[in-house]
Amino acid sequence: MEEENIITPEETVEEEQVIEEEGPSSGRFDRLLGSDARKFKLSGMFKDWYLDYASYVILHRAVPHIVDGLKPVQRRVLHAMYKMDDGAYTKVANIVGQAMQYHPHGDQSILGALVQLGQKGLTVDCQGNWGSILTGDSNAAPRYIEARLSKFAKEVVFDPKVTHWMNSYDGRNQEP
């Protein structure tokens, strides 16, 4: 008796993967599914959606841009520093707060990007304990360390021939 109720994994996969819809299409999702698509595989759809999202994250967030070598968060941090630049050192906590206008993904990602830029020493002039890449020491709290744009960053990174501008995530500001 118990053997009759056992479902094999192959039967489960077949039942889950193919969904057949009946009735007229509302037209709302025809662009995603195709106008004549009435049968579709859920696993295939999720696979495609995941691959699209993963490709977007890798290509538009995680990998530095080929033109300037900066990730979007690093570019936004430098832009925030450029907007508030008066030649003096500024507390990193203030820079992080200003950069959040352009990068809505939280202060820790902004702080991490700024510390990486500061440790490299090319675009950010640092003051205080910024940690070390070689020893693995972490940086001091943002309220204790200061930064300003280097002369190189002012002349090269924000050159109009190099920098392409676009709307920020909410459309209120322009960002590189």
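A few comments on the model shown:
- Extension gain, residue 164 to residue 55: 0.36 nm times the residue separation minus the Cα-Cα distance gives 37.0 nm.
- The trypsin sites (Lys or Arg not before Pro) found in segment 69-101 include none that occupy coil by DSSP while having at most 11 further C-beta atoms within 10 Å.
- Which of 73, 92, 124, 162 has the fewest Cβ neighbours within 10 Å, and the rest in rising order: 162, 73, 124, 92
Computed from the coordinates by the stated procedures, all read-outs in this text should not be read as laboratory data. None of these values were measured; they are calculated from a predicted model. Positions of Cβ are generated from backbone atoms using ideal geometry, with glycine treated the same way; all protein chains shown enter the neighbour counts.
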